[in-house]
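Everything on this sheet refers to the single structure shown next.
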Amino acid sequence: MKSDLVFPPFIPHRFYRNAHLQTIVGQFHSRIKVPYQAEQHSLRLPDNDLLIIHDDCPGSWKPGDRVVILLHGLSGCHRSSYMIRLTHKLNERGVRVFRMDLRGCGAGTGLAKSPYHAGSFLDLQVALERVEFLCPGSPIGIAGFSLGGTITLNYLGRPNAVSDMVDRAFVLNPPVRLSESVQMFGKPLFGHYQRHFISNLTKHIRTSHHLNEHTHKVSGENYPRNMRDFDDQFTAPLVGYESAEDYYSQCSPAEVVTHIDVPTLIITSQDDPLVPADTYSEIRDHLSNHSKVTLHLTKHGGHLGFIGAPSSDPDQRWSDWRIVDWMLSDSPEALANHIREDSREPLAQSA
């Protein structure tokens, strides 16, 4: 375990200072090609749906050793590059990793009748119960990316439901006010992200035999013009909300982050093209004296990018190493205090 950690600032690679380059190139840069060797576990959910978790257990791991569960973002899965990279890096350090395919994603395509969404924190609870069963006595860390981070915060923000074995969490670029993130998609130059997500999500509906009966909600004259339309026509009614606004209101973790009682590090960038930085202004004030939750804002990094300049890190994926540091620290609280000292820059306004 590491006890004397340095938390270096993020300095973007000179070729990738632009937020869009960080975001787009970040999905492909420094890919790690490793053979898939995980054991799959099927989980039955309370509503009778299924999801899959992928168990990557290094040979050196033994009962009682550290475990981490990873949650991907919107239209991602266990094969997303950041999921593969983190699994590899944590496995190399003896950590057992469970990559969670949110319902209907990855190996779970076609198994779920309901879509995943920002409020799917009960799915995470079921996954954690299985992890506890498989790894009795092991401390568990959670790492959530983008929408997976939103789900993680929603889970942690309901302390009565949180497992006693979860001792830390890390979330990267999480949307904390869903409505404001969706509005961001409609800004000039940002529409390609919206088109990308809508295309992937509608494709997902058509290829899932449990969901394709709802294809009429997102095709023809109903084809969504934006993410709000998609959530209004498809996500919200299928998961029990009255409208997209009702869904956004009830599933935005900004209202529950102050209830979190587990050491949690949130890292996001002020130039994130998908999550407006000013959505963090209010919660940053609320968290300024919070002993458990630390918010660290970087000037650059895009969305799940964080391709850094050459540094003391083993490679240029700065956020990967901050996750590894956080998960391996024997004192996340001490590391959090160090991070807070480095997190006092003024908050930039969204473009």
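The values are calculated or read from the model by the stated rules, or taken from the named source; none is laboratory data. Only a predicted model underlies this, so the values are computations on that prediction, with no experimental measurement involved. Every residue, glycine among them, receives a Cβ derived from its backbone with ideal geometry; neighbour counts consider all protein chains shown. Only protein heavy atoms, including side chains, enter the accessible area calculation; ligands, DNA and RNA are left aside. Shrake-Rupley method; radii C 1.70, N 1.55, O 1.52, S 1.80 Å.
Tell me which residues, restricted to segment 134-178, are open to solvent by 10 Å² or more (accessible area, probe 1.4 Å), over 15 Å from Leu265 (Cβ atoms) and either modelled with pLDDT of 95 or more or in contact with a Ser or Thr (Cβ under 7 Å, 6 or more places away or on another chain) (or both).
Those that are open to solvent by 10 Å² or more (accessible area, probe 1.4 Å), over 15 Å from Leu265 (Cβ atoms) and either modelled with pLDDT of 95 or more or in contact with a Ser or Thr (Cβ under 7 Å, 6 or more places away or on another chain) (or both): Leu134, Pro136, Gly137, Pro139, Ser146, Leu147, Met165, Pro175, Arg177, Leu178.
Can you say whether Phe121 is open to solvent by 10 Å² or more (accessible area, probe 1.4 Å) and free of Cβ contacts under 8 Å to residues at least 24 places away in the same chain, as far as the supplied structure shows?
no
Filtering segment 197-218 down to residues that are touching a residue at least 60 places away in the same chain (Cβ under 8 Å) and open to solvent by 20 Å² or more (accessible area, probe 1.4 Å), which residue is nearest to Thr23 (Cα to Cα)?
Per the criteria, the residue is Phe197.
Out of everything in segment 42-57 that is touching a strand residue (DSSP E or B) at 6+ places or on another chain (Cβ under 7 Å) and assigned to a loop (DSSP other than H, G, I, E, B), what residue ends up being farthest from Gly108 (Cα to Cα)?
Cys57
If I ask for residues that are open to solvent by 10 Å² or more (accessible area, probe 1.4 Å), touching a residue at least 40 places away in the same chain (Cβ under 8 Å) and in contact with a helix residue (DSSP H, G or I) (Cβ under 7 Å, 6 or more places away or on another chain), which ones from segment 277-293 would you list?
None; the set is empty.
How many residues does segment 18-56 hold that are of a type in the set (Gly, Ala, Ser) and surrounded by 15 or more Cβ atoms within 10 Å (Cβ to Cβ)?
Of the residues in segment 18-56, 3 are of a type in the set (Gly, Ala, Ser) and surrounded by 15 or more Cβ atoms within 10 Å (Cβ to Cβ).
Report, ordered by the first and then the second residue, all pairs with beta carbons closer than 9 Å, sequence separation of six or more or different chains, a first member in segment 1-29 that is more than 20 Å from Leu265 (Cβ to Cβ) and in a loop (DSSP other than H, G, I, E, B), and a second member that is modelled with pLDDT under 85 and open to solvent by 30 Å² or more (accessible area, probe 1.4 Å).
Every condition considered, the pairs that remain are His13/His29; Tyr16/His29.
Between Thr264, Thr258, which is in contact with a helix residue (DSSP H, G or I) (Cβ under 7 Å, 6 or more places away or on another chain), of a type in the set (S, T, N, Q) and within 24 Å of Gly305 (Cβ to Cβ)?
Among Thr264, Thr258, only Thr264 is in contact with a helix residue (DSSP H, G or I) (Cβ under 7 Å, 6 or more places away or on another chain), of a type in the set (S, T, N, Q) and within 24 Å of Gly305 (Cβ to Cβ).
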